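K.L.:
This structure is in structure tokens; I'll ask about it shortly.
Since every read-out is calculated from the coordinates, none of them should be taken as a lab result. Small disclaimer: the values here were computed from a predicted structure and weren't measured.
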Amino acid sequence: MFDCIGLFGFFSGFRNIIARSEPDFEWLGGFIFTCGLAFSILGFVADSIQAGSVWAAGTNPVNPTWVGYGAEGALLIYGPINRLLITTILIASSTLIVKTRLFPKWTAWLGYIFAIYNLSFIPTLFYMTVPLNFYSVNGWNIPIAAGLFFLWILIVSIFLIKKKNH
């Protein structure tokens, strides 16, 4: 939940820097902000679904990574839906970086590489729900994809802070 609130701050700051530094690309900053906001809100929804499934189970054993107890909705959010949003955010942000030279060009290329990784997991929507399988809707590709996305956000955040101080 705290990650989601932190993302509100990141995407607000990102949009603000774009609006002030590159007014011609303010529309793209708004689009990226909106996608980031949707990503964060869906994170809250998925967390709520999983927490609610634990409460609903009472004293019965629960594994929220498996299908059942309402986890199906969270699987789609954490899996293909998040991969699609992350891909969109990374491609739009990287394109903006290339066009404006707002940050070092390598941050854009890193974003494109991470976007391709995320894009490749959108079709997991059509695969099984076996968490031990790498290519499944709830496979172990999810923490890797999220880790790469948050690494990119950390790197860009450092440049945002530097940009704000100049």
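K.L.:
When the chain is modelled as a GNM with alpha-carbon springs shorter than 10 Å, which of 133, 60, 16 fluctuates the most?
P.N.:
60
K.L.:
Expressed in nm to one decimal, what extension gain is obtained for the pair residue 48 and residue 150 from 0.36 nm per residue of sequence separation less their Cα-Cα distance?
P.N.:
Fully extending the segment from residue 48 to residue 150 adds 34.6 nm.
K.L.:
Next up: Search the structure for amide H atoms under 5 Å from the amide H of residue 130, placed 1.01 Å from N in the peptide plane, and list their residues when 5 or more places away or on another chain.
P.N.:
Under 5 Å from the amide H of residue 130: 137, 138.
K.L.:
Identify all aspartates and glutamates with a Cα-Cα distance to residue 162 below 18 Å; exclude those on the same chain that are fewer than 8 residues away in sequence.
P.N.:
22
K.L.:
Also, quick follow-up: In deg cm²/dmol, rounded to 500, what helix-only [θ] at 222 nm does the chain give when every DSSP H run of at least 4 residues adds -39500 (n - 2.57) and the total is split over its residues?
P.N.:
For the chain, the value works out to -24000 deg cm²/dmol.
K.L.:
Using only the alpha-carbon atoms, what does the chain span along each of its principal axes? Please give whole angstrom values in decreasing order.
P.N.:
56, 27, 23
K.L.:
From the backbone phi of the stretch 78-94, what are the Karplus-calculated ³J(HN,Hα) couplings (6.51 cos²θ - 1.76 cosθ + 1.60, θ = phi - 60°) in whole Hz, Gly and Pro given as x?
P.N.:
Ordered by residue, 3J(HN,Hα) equals 5, x, x, 5, 5, 4, 5, 5, 5, 4, 4, 4, 5, 5, 5, 5, 5 Hz.
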